[in-house]
Every structure is written in structure tokens, then in C-alpha cells.
Amino acid sequence: MIDRQEIYLETIPKEHLEQIAEIFDINSRKIEDIEKNTIGMTNDSFIFSIDKDYYMYRLPGNGSEHFISRHQEASSYDAIKDLHISDEIVYINPSTGVKITEFYPNDVVVEQNDWDSIKKSMEILKKLHDAKLEVEHHFNIEEKLFEYYTMCKNSDCLKYHNYNDALDNLSTPLDIIRNSKEPKVLCHIDSANVNFLKLTNGDIKLLDWEYSGMSHGVTDVAMFAIFAEYSENQVLKLLEWYYGRKPNKDEILLCFSYIATAGILWSMWAEYREFHGEDFGDYSQMNFDIGTKYTKIINDYVNCND
């Protein structure tokens with residue numbers, strides 16, 4: 001007879017199963033239905049069940065410690081807990097980055113053309129930002145660009161794009177961000193459509209807060225637009241849903257500026273991760289193209305209105 005637990009032990013290191021057993025105060029043989037989770041670009045994770053209840057076990061991905069503070073992530077989860085908009089935390093360790101959350105097998109991520117769910121996703125972001133939550137850590141795009149560029153240069157991993165020119169061309173978008181009067185609020189930062197989970201009852205949850213920090217609210221709208229590779233008109237629709245009205249010129253320029261700067265940022269992020277063994281396909285190229293496209297849009301607009 002095949003011992004199912006032996007199959008599990010071949011799939012998942014024994015120490016992870018022992019930790020789960022300790023957290024839930026059970027015998028490790030009660031851990032069943034283990035399956036690797038293939039969604040996500042930052043972490044390694046697997047799904048498991050205990051007594052037919054399903055959970056996700058998350059481990060920090062290789063090299064993620066260079067980009068993410070797990071203590072800051074835990075702080076953000078603590079700040080948002082009363083909003084009930086995120087994944088349900090069972091266990092989180094700010095030192096190791098191990099996280100266990102509830103998992104629902106029949107729920108799906110929000111697709112890029114599921115417009116009803118996308119509208120709800122923008123409303124979730126607005127609810128988060130309107131709560132005016134504060135944490136001690138910030139997402140400063142200008143500082144992040146310098147940090148990522150320095151890290152990549154030190155590893156000599158920027159092989160595919162001319163980041164020197166790309167960063168030089170970001171002076172106007174960075175000025176717009178720097179001079180914005182919009183308040184800084186707690187933002188998710190990694191608010192791609194794949195981090196919005198559509199529950200079977202129609203509710204939306206926003207998962208994975210490891211990049212979160214204080215920033216302008218439209219940062220999250222920009223991040224959604226980048227990952228979905230939306231057109232300018234589609235970005236304007238996101239902003240209309242987010243604000244509940246037509247966005248004004250300053251709001252549009254601020255959002256476009258975050259798309260320009262974050263596109264270059266995530267392109268460097270991908271090159272660094274790939275240099276250290278990950279494979280993200282054309283993700284770096286896609287982000288670089290979006291960043292340079294919106295840089296040109298911003299620069300052309302400002303030059304025409306000088």
C-alpha cells in the first residue's frame with residue numbers, strides 16, 4: 001500500500017510539515033492534499049488541508065530578502081486587520097517570513113477583462129486609502145529606483161536595457177510625484193490583478209502585502225494598470241472607478257507618473273531576480289516598455305504645455 005504521507009514528504013521538506021503540525025497542534029499525518037502553488041513571483045508556497053479545511057503556506061522566495069522587510073509586512077497586516085479586505089492570516093512570522101493563510105479552492109483571481117470585478121477591486125483600494133491608515137515604513141519610488149539600480153549595478157545584472165537613459169528621462173515624472181499635494185496613505189504597492197481574489201460569494205480580497213507602505217493612493221491604481229498592460233483609456237477607466245468620478249488633470253498625471261517610474265522599477269526587479277536564477281519570461285521587457293511609453297507621454301504633455 002502507498003503511504004500518502006511519504007509522497008508528501010518527498011514534495012515538501014519535513015521541517016515545514018513539522019512547523020505546520022506544531023502551529024495547529026496536530027500530528028503531521030493529518031496534513032493532506034499538499035500541492036505546490038504556481039501563482040506568484042516573489043515567494044514559494046504550497047497548499048495543504050487539515051480536516052478538509054484548506055490553507056496556504058508561504059515561504060520567502062530566493063533573493064526576496066533584498067526587496068522585502070517581513071517585519072514591515074506584518075506591520076501592514078496588523079494595520080489593515082479591521083478592514084477585512086485581505087487574506088485571512090492564521091500565522092505570520094516577521095523574522096522568517098513564513099505565513100499561513102486560509103485558502104479557498106474554488107475562488108479565482110480577478111482576470112484582466114473581468115470588468116465588474118475590476119471595478120470592485122478599485123473600490124477595495126479606495127476603501128483602503130480612505131481609511132487613512134499609517135505605518136512607519138514608506139514606499140518612496142525615487143528612493144526605490146536608486147536602491148534597485150544600485151543593487152543591480154553591484155551584481156552587474158542589467159544586460160538588456162539602457163537604464164541610464166531611462167532613469168534620466170524620469171526627471172519630470174519624479175518631479176510630479178515629488179511635488180504632489182496628495183496625502184500619503186498605506187498602499188498595497190503590488191496591487192496586480194492576480195493579487196485580487198474573487199470569492200464564490202462575489203466578494204474581493206486583496207492578498208500578499210509584502211511590498212506595502214505609505215505612498216500616494218493612485219500608486220495602487222498604477223500598479224494594477226502596469227501588470228494588466230492597460231491602454232491609456234483603460235487606465236482612465238480605472239481612475240474613474242477609483243475616484244467614483246472623472247479624474248482631474250493632476251490626478252491623471254500623478255497616476256501616469258507612477259506607471260512610468262514603476263515600470264522601470266519592476267523591470268530592474270525582474271532582471272535582478274532572473275540574474276539570481278528566476279525565470280520571468282518577458283516580464284522585464286514588458287515593464288521597461290510600459291515605463292518608457294508613459295515617460296514619453298508625461299514628457300510630451302509637459303513640453304507641450306510649457
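The values are calculated or read from the model by the stated rules, or taken from the named source; none is laboratory data. Computed from a predicted model, the values in this text were never measured in an experiment. Reconstructed Cβ throughout: ideal geometry from the backbone, glycine too, with neighbour counts over all protein chains shown.
Please specify each residue of region 46-62 satisfying the condition of being modelled with pLDDT under 80 and either surrounded by fewer than 17 Cβ atoms within 10 Å (Cβ to Cβ) or in contact with a helix residue (DSSP H, G or I) (Cβ under 6 Å, 6 or more places away or on another chain) (or both).
ASN62, the sole residue that qualifies.
So which of CYS157, CYS152 is of a type in the set (A, V, I, L, M, F, W, C), modelled with pLDDT under 95, part of a helix (DSSP H, G or I) and closer than 21 Å to ILE290 by Cβ?
That would be CYS152, the only listed residue that is of a type in the set (A, V, I, L, M, F, W, C), modelled with pLDDT under 95, part of a helix (DSSP H, G or I) and closer than 21 Å to ILE290 by Cβ.
In region 195-228, how many residues are within 28 Å of ASN179 (Cβ to Cβ) and charged (D, E, K, R)?
1
Here is a check on your reading of the model: is LEU207 modelled with pLDDT under 95 and touching a helix residue (DSSP H, G or I) at 6+ places or on another chain (Cβ under 6 Å)?
yes
Quick one: in region 263-306, which of the residues that are under 21 Å from PHE139 (Cα atoms) and charged (D, E, K, R) is surrounded by the fewest Cβ atoms within 10 Å (Cβ to Cβ)?
Checking each candidate, the answer is ARG273.
Among all residue pairs at least 6 apart or on different chains, which show Cβ distances below 9 Å where the first residue, located in region 197-215, is over 14 Å from GLU88 (Cα atoms) and the second is modelled with pLDDT under 90 and assigned to a strand (DSSP E or B)?
Correct list of pairs: GLU210/ASN43; GLU210/PRO60.
So which pairs qualify, if the first residue must be in region 125-136 and of a type in the set (D, E, K, R), the second must be surrounded by fewer than 17 Cβ atoms within 10 Å (Cβ to Cβ), the Cβ gap must be under 7 Å, and the two must be at least 6 apart or on different chains?
Close Cβ pairs satisfying both conditions: LYS127/LEU83.
For region 264-306, which residues satisfy the criterion of being at negative phi and assigned to a loop (DSSP other than H, G, I, E, B)?
If the condition is that a residue be at negative phi and assigned to a loop (DSSP other than H, G, I, E, B), then HIS276, GLU278, ASP279, PHE280, ASP282, ASN305, ASP306 are the ones that fit.
What number of residues in region 82-134 are of a type in the set (Gly, Ala, Ser), part of a loop (DSSP other than H, G, I, E, B) and at pLDDT 95 or above?
Within region 82-134, residues that are of a type in the set (Gly, Ala, Ser), part of a loop (DSSP other than H, G, I, E, B) and at pLDDT 95 or above number 1.
Return a yes/no flag: does region 142-165 have any residue that is of a type in the set (A, V, I, L, M), under 23 Å from ALA74 (Cα atoms) and in the same structural domain as SER284 (by TED's automatic domain parsing).
no
Just give me the residues in region 210-228 being modelled with pLDDT of 95 or more and assigned to a loop (DSSP other than H, G, I, E, B), in sequence order.
Answer for region 210-228, where residues must be modelled with pLDDT of 95 or more and assigned to a loop (DSSP other than H, G, I, E, B): SER212, GLY217.
Would you be able to tell me the number of residues in region 133-150 that are within 14 Å of MET268 (Cα to Cα), among the hydrophobic types (A, V, I, L, M, F, W, C) and surrounded by fewer than 20 Cβ atoms within 10 Å (Cβ to Cβ)?
1
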